[in-house]
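Below is one structure, written out as structure tokens, with a few remarks after it.
The values are calculated or read from the model by the stated rules, or taken from the named source; none is laboratory data. Source: prediction; values computed, not measured. Note that each Cβ is placed from the backbone with ideal geometry, even for glycine, and that neighbours are counted across all protein chains shown.
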Ligand code: F6P
């Protein structure tokens, strides 16, 4: 079976009419009338729990969403991905990040070639290199062991390692890791300032090895090493990760320090490849292997579990429900884990670069909305910043709460329990809200007179019925992190198939890059801005004039 547009349109129409007339509108009442609501709208995979019972759904919603997934052939496309078919059809590429974490299969074919031997060979080389850096046997040019790693990359060549090394900091027993991404010279200058070139290794991470930010920062780092230690020392202080091995060779990095990956690994899906090298150096090959195993466990679940029991499919269906049927334009990801502070930024790229599209797989305009805006910050910090709008603002923004049963700091008496209490409190408050009568009664109970209570109470009303999803695992360890990230990857995949778009290209980043190249000589004052729009001309004139001031 393949995606059947007529059946998809019918399924979407059924969902829209169900949303208007049939889906629950009063969540308090839904919980009161159905004591089994939590167990009916939650799923587990081992210790990983997904709870969507606080969303405006009922059995009929789930049945209609399943119908849509059948009409959209989510299962067929999923099978095509796992089989290495070129489902990224605008670039004619397979999409096989799942192969990077599969230590169990013997064969996964791309264009008739088994990709697994090469995957395992690179992992082994990464392990040997990481091991040498961690035990001090791989040294810098002056004979000192490497104490600091600087990863230079951007987008998918940065966000994954940044997010995961912070998330797994309790496992960090290797050299310190630092990350430089921005073309803003402030980023590399501030990063290198406290470091000693003699004990620093720079990893240049770029799938294409052409990204201007990364190449420019790599040259800056190269000069920093060469000026301190001499040109001959550079080789001992650089490594590279890329799919473009000839370009790396031209940069001058020795082949035994180059770790490859393949065009069937999308940048935002590449943390599992050699792009994960800084993570492996930080936490060690064994913890990195557990990270891959966690992701693989989710892959197997996503591939094999029926729709009704499938966490990733369910998360995708609810994501679609919120975006395309309820018309919520964004969702917030709020990890109640300080160490997941960069997860929202990571998921922003994963989701928005994948599903921020306006044409279907065959290039026609889409008929409805596609990917939402994804944003977030850790709780409890967010509570003291933007939660006001989540509770009382005029837009409904579904929230995804992420937490762990246990923390890594049990000695810090009840701080983790306080964190969890806040997490549950926020989702309960969003769901239940507070009525005008309740608000007024509270004020009167506190001794306020009737007239004043009438005046103040409307400000203290919470509409409630604001959906949230809660995801809880036992402990944020390498396995759990791998599983969580893979859950989100597959959720994005499911949503893309429901939207009818290609999640694996990113042509939308091109135009800005082209114009930036054109504008560089203009901003440098070497070329006229004539012929450009009046705003750009005005801004260029302002920059050039103020530079002289
Ligand atoms: O911003 C576009 C993009 O191509 C991302 O998809 C990618 O992760 C990032 O740039 C970095 O690309 P590269 O790894 O090729 O330097």
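Just a yes or no: is a residue in the stretch 271-283 out of contact with any helix residue (DSSP H, G or I) (no Cβ under 6 Å at 6 or more places or on another chain), at pLDDT 95 or above and within 18 Å of residue 343 (Cα to Cα)? Before the answer, list the steps.
If we filter the stretch 271-283 for residues that are out of contact with any helix residue (DSSP H, G or I) (no Cβ under 6 Å at 6 or more places or on another chain), which is where we start, we get 276.
Adding the requirement that they be at pLDDT 95 or above leaves 276.
In the following step, the residues that additionally are within 18 Å of residue 343 (Cα to Cα) were identified as 276.
Yes, that holds for at least one residue.
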Filtered residue count, the stretch 341-362, keeping only those that are farther than 11 Å from residue 492 by Cα and free of Cβ contacts under 8 Å to residues at least 24 places away in the same chain: 2
The stretch 228-257, residues that are away from the ligand (no atom under 14 Å from the Cβ) and in contact with a strand residue (DSSP E or B) (Cβ under 7 Å, 6 or more places away or on another chain): 237, 238, 239, 253, 257
Residue among 99, 127 that alone is modelled with pLDDT of 95 or more and surrounded by fewer than 18 Cβ atoms within 10 Å (Cβ to Cβ): 127
Residues of the stretch 1-11 that turn out to be touching a residue at least 24 places away in the same chain (Cβ under 8 Å), assigned to a helix (DSSP H, G or I) and over 30 Å from the mean Cα position of the chain (by Cα), as a count: 2
Extreme residue, farthest from the ligand (Cβ to nearest atom), among residues of the stretch 350-385 that are assigned to a strand (DSSP E or B) and surrounded by fewer than 22 Cβ atoms within 10 Å (Cβ to Cβ): 365
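Being touching a helix residue (DSSP H, G or I) at 6+ places or on another chain (Cβ under 6 Å) and away from the ligand (no atom under 16 Å from the Cβ) narrows it down to one residue among 174, 153; which is it?
Exactly one residue qualifies, and that residue is 174.
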Filter result (surrounded by fewer than 24 Cβ atoms within 10 Å (Cβ to Cβ) and within 13 Å of residue 153 (Cα to Cα)) within the stretch 269-289: none
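Of the residues 144, 54, only one is more than 30 Å from residue 14 (Cβ to Cβ) and either modelled with pLDDT of 95 or more or exposed (fewer than 15 other Cβ atoms within 10 Å of the Cβ) (or both); which? Let's see the steps before the verdict.
On the way: 54 fails: more than 30 Å from residue 14 (Cβ to Cβ).
None of the other options fit; the residue is 144.
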Where a residue in the stretch 147-167 is in contact (Cβ under 8 Å) with a residue 24 or more places away in the chain and closer than 20 Å to residue 185 by Cβ and its partner, wherever it lies, is in a helix (DSSP H, G or I) and more than 16 Å from the ligand (Cβ to nearest atom), with Cβ under 8 Å and at least six apart: 148/199; 150/191; 150/192
Counted residues, the stretch 254-270 - those being at pLDDT below 95 and either more than 28 Å from residue 111 (Cβ to Cβ) or within 18 Å of the chain's Cα centre (by Cα) (or both): 1
Within the stretch 86-95, tally of residues that are in contact with a helix residue (DSSP H, G or I) (Cβ under 9 Å, 6 or more places away or on another chain) and crowded, with 17+ Cβ neighbours inside 10 Å: 3
Inter-residue pairs, beta-carbon under 9 Å, first farther than 17 Å from residue 156 by Cβ and in the stretch 240-252, second within 13 Å of the ligand (Cβ to nearest atom) and assigned to a helix (DSSP H, G or I), 6+ apart: 251/215; 251/218
Residue match in the stretch 170-181 (condition: part of a helix (DSSP H, G or I), farther than 16 Å from residue 274 by Cβ and in contact (Cβ under 8 Å) with a residue 40 or more places away in the chain): yes
Single unsatisfied condition, residue 200 versus (1) under 22 Å from residue 185 (Cα atoms); (2) within 16 Å of the ligand (Cβ to nearest atom): (2)
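State all residues of the stretch 280-304 that are in contact with a strand residue (DSSP E or B) (Cβ under 8 Å, 6 or more places away or on another chain) and either over 15 Å from residue 488 (Cβ atoms) or within 14 Å of the ligand (Cβ to nearest atom) (or both); if no residue qualifies, say none. Full working, then the answer.
Residues of the stretch 280-304 in contact with a strand residue (DSSP E or B) (Cβ under 8 Å, 6 or more places away or on another chain): 281-282, 297-298, 301.
Selection gives 281, 282.
Yes/no per residue for (1) loosely packed, with under 14 Cβ neighbours inside 10 Å; (2) over 30 Å from residue 352 (Cβ atoms):
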| position | (1), (2) |
| --- | --- |
| 401 | no, no |
| 413 | yes, yes |
| 420 | no, no |
| 431 | no, no |
| 460 | no, yes |
| 474 | no, no |
